[in-house]
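**Q** Dumping the structure here so I can ask a few things about it.
The values are calculated or read from the model by the stated rules, or taken from the named source; none is laboratory data. Since we're looking at a predicted model, the values are computed, not measured. Heads up, the Cβs are rebuilt from the backbone with ideal geometry, glycines too, and the neighbour counts pull from every protein chain shown.
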Amino acid sequence: MSRLDRRDASGSEPPLFVFDAGYDPVKLQQDLEGCHAQILVRLHSTRAFYADPLTLKRRSVGRPFAHGKKFDLKDPSSWHEPSVEYSSETAGYGKVRVRAWSGLHPKTRRAGERYGSESAAVVKGTVVLVEVERLPRGERRRRPKKLWLWWNGAGEPDLGLLWKSYVRRFDIEHGVKLLKGTLGWTTPRVRNPEQADLWTWLILAAYTQLRLARGVVADCRLPWERPLPIQKLTPTRVLRNFVSLLPTLGTPAAAPKPCGRSPGRPKGSLSGRAKRYPAVKKAA
């Protein structure tokens, strides 16, 4: 998730939610209708969209057209002039070109099963195409592919921010994976939300320490890993050699007590029963 670096009429920054290609953009847009939010969803390159039917010549007889000119993602000849275009030069991706076509909508099938409506829903949005000159170091052997995105929000899209937000999504996923698997974010079984919030702040503090210690620890890499400069050391590599800093940093904790039999709870103390919370069940 990311936030757009701009403000709307209400003066607050509308959040930008980024989703992978497994999510239905029509369903997301319908569920978030009226919310102060924007969505950015990756699209499969085999999809097709349609313009407003008013762009076609009206029939003399029969029902009017439900869809306008076809916009096929895999057929460049069907692309009309973009509504907005953006280009820039970056160090990792080279020349970046972003184009957007607004006012497009997909065909919706099985409307009753998918969206709970009797008729097919017409949901308009903006189709965004991201093209890069090359991939970053480590992936340059692969040929860059076209990246198709679906955006919906108030006003005009900030194309310079949209493509960077989607690329940033991969960093967020790997960061959450590190917090869960290495630092044990979801390991303890806490009893109340206050304990979960406190544990989350402790995990974030530990992650911050790993980032700050990047320049004072040696790179402890595995035999198959490549050497990295200090400014690019990952938190996992810093964690391997972080124990060497503990003797010099010290600890605010008191000295440990001698081992032995614990006296247990004081006589007459009652801890009470643990608070119970209702189980969360998913709908069928």
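**Q** Show the residue pairs that are 6+ apart or on different chains and have beta-carbon atoms under 7 Å apart, the first residue being within the range 196-207 and within 14 Å of Gly175 (Cα to Cα), the second being part of a helix (DSSP H, G or I) and of a type outside the set (D, E, K, R).
**A** Here the result reads Ile203/Leu179; Tyr207/Leu179; Tyr207/Pro235, each pair linking the range 196-207 to a residue that is part of a helix (DSSP H, G or I) and of a type outside the set (D, E, K, R).
**Q** When you look at Leu239, is it surrounded by 10 or more Cβ atoms within 10 Å (Cβ to Cβ) and either aliphatic (A, V, I, L, M) or in contact (Cβ under 8 Å) with a residue 60 or more places away in the chain (or both), yes or no?
**A** Numbers: surrounded by 10 or more Cβ atoms within 10 Å (Cβ to Cβ): yes; either aliphatic (A, V, I, L, M) or in contact (Cβ under 8 Å) with a residue 60 or more places away in the chain (or both): yes.
Yes; evaluated as a whole, the condition is true for this residue.
**Q** Now, a different point. Condition test on Lys146, is it farther than 30 Å from Gly34 by Cα, at pLDDT 85 or above and surrounded by 13 or more Cβ atoms within 10 Å (Cβ to Cβ)?
**A** Values: farther than 30 Å from Gly34 by Cα: yes; at pLDDT 85 or above: yes; surrounded by 13 or more Cβ atoms within 10 Å (Cβ to Cβ): no.
Considered against the rule, which asks whether it is farther than 30 Å from Gly34 by Cα, at pLDDT 85 or above and surrounded by 13 or more Cβ atoms within 10 Å (Cβ to Cβ), Lys146 comes out as no.
**Q** Right, another one. Here is a list: Val217, Val176, Val190. Which entry is among the β-branched types (Val, Ile, Thr), over 22 Å from Tyr277 (Cβ atoms) and outside any helix (DSSP H, G or I)?
**A** On the way: Val176 fails: outside any helix (DSSP H, G or I); Val190 fails: over 22 Å from Tyr277 (Cβ atoms).
Answer to the selection: Val217.
**Q** While we're on this one: Report whether or not Lys57 is assigned to a loop (DSSP other than H, G, I, E, B) and at pLDDT below 80.
**A** In short, yes.
**Q** Check whether at least one residue in the range 127-138 is at pLDDT below 90 and buried (at least 16 other Cβ atoms within 10 Å of the Cβ), and report yes or no.
**A** Within the range 127-138 (the criterion being at pLDDT below 90 and buried (at least 16 other Cβ atoms within 10 Å of the Cβ)), the answer is yes, since at least one residue qualifies.
**Q** Continuing with the same structure: Do you know which of the residues in the range 1-16 that are buried (at least 16 other Cβ atoms within 10 Å of the Cβ) and outside any loop (DSSP other than H, G, I, E, B) is modelled with the highest pLDDT? Please lay out each step first, then the result.
**A** Here is the first cut: in the range 1-16, the residues buried (at least 16 other Cβ atoms within 10 Å of the Cβ) are 2, 4, 14, 16.
From what's left, outside any loop (DSSP other than H, G, I, E, B): 2, 16.
Numbers: Ser2: 39, Leu16: 88.
My answer is Leu16.
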